[in-house]
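Worksheet for the structure shown next.
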Amino acid sequence: MKEAIYPGSFDPVTYGHLDIIHRAASIFDELTVSVLNNVEKTPLFSVQERVKILEEATKDLPNVKVESFSGLLIDHAAEKGIHVSVRGLRAITDFEYELQIAQTNKLLSNGKLDTIFLTTSLEYAYLSSSSVKEIASFNGDISKCVPPFVAKLIYEKYGHRV
Ligand code: PNS
């Protein structure tokens, strides 16, 4: 069985992430979307909220499951016996950061964790969780960026009426 892990902050999940999830789920037999519990960042949504949002957003994909992890991705992947990490590449600006993570994971795992990149579909190439949050904080329109139920949750966090 071909398994892969798609790690990320997903704070919150966007249509760009969902595009990668759908495409990775059609390539691999099982895809685990894993939310990083990063204690150094102050996220908009807690890890539990992000996991719940992702579960709802992927409920129609039977071979996708959602989890969270703390610490190193290579340890989390090893515990699960997964050897492929999936990441999305939006633009050339992502490349250096992503290459660094991929090479570091390959080195630290003694070659056991490889990374596969999917290029984000062009219509989502400009999207990021940060810009979605910034737009929503000013009560701007994020309907093209995230599913309606996610937009509602984001606006609520910023105290905007929905
Ligand atoms: O959505 P993001 O914030 O770009 O995702 C980054 C992520 C979660 C893939 C990366 O920060 C990560 O895997 N962090 C866990 C810690 C780790 O394994 N670091 C070593 C690789 S540099």
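The values are calculated or read from the model by the stated rules, or taken from the named source; none is laboratory data. Here the structure is a predicted model, which is why all the values come from computation and not from measurement. In this analysis, Cβ positions are derived from the backbone assuming ideal geometry, glycine residues included, and neighbour counts consider all displayed protein chains. For the accessible areas, the whole protein counts, side chains as well, though only heavy atoms, and no ligand, DNA or RNA atoms are used. Shrake-Rupley method; radii C 1.70, N 1.55, O 1.52, S 1.80 Å.
Pairing each residue of the range 74-91 that is over 10 Å from Glu3 (Cα atoms) and open to solvent by 30 Å² or more (accessible area, probe 1.4 Å) with any residue that is of a type in the set (Phe, Trp, Tyr) and away from the ligand (no atom under 11 Å from the Cβ), provided the two are 6+ apart or on different chains, yields C-beta distances under 7 Å for Arg87/Phe117. Quick check on the range 128-145: of everything there that is within 22 Å of Thr93 (Cβ to Cβ), free of Cβ contacts under 8 Å to residues at least 40 places away in the same chain and not in a loop (DSSP other than H, G, I, E, B), which residue is least open to solvent (accessible area, probe 1.4 Å)? Applying the filter and picking the extreme gives Ser131. Residues in the range 100-127 that are modelled with pLDDT of 95 or more and crowded, with 16+ Cβ neighbours inside 10 Å were compared, and the one that is farthest from the ligand (Cβ to nearest atom) is Leu118. Meeting the requirement of 1 or more residues that are within 10 Å of the ligand (Cβ to nearest atom), small (Gly, Ala, Ser) and touching a strand residue (DSSP E or B) at 6+ places or on another chain (Cβ under 9 Å), the strands (runs of 3 or more DSSP E) wholly within the range 1-99 are 3-8, 30-36, 84-89. Across the range 100-118, the number of residues qualifying as part of a loop (DSSP other than H, G, I, E, B) and of a type in the set (Phe, Trp, Tyr) comes to 0.
Do we find that Tyr15 is open to solvent by 40 Å² or more (accessible area, probe 1.4 Å) and touching a residue at least 60 places away in the same chain (Cβ under 8 Å) in this structure? Taking the combined requirement at face value, the residue satisfies it.
Considering only the range 149-162, I want to know if a residue exists there that is assigned to a loop (DSSP other than H, G, I, E, B), aliphatic (A, V, I, L, M) and surrounded by 13 or more Cβ atoms within 10 Å (Cβ to Cβ). No, every residue in the range 149-162 fails to be assigned to a loop (DSSP other than H, G, I, E, B), aliphatic (A, V, I, L, M) and surrounded by 13 or more Cβ atoms within 10 Å (Cβ to Cβ).
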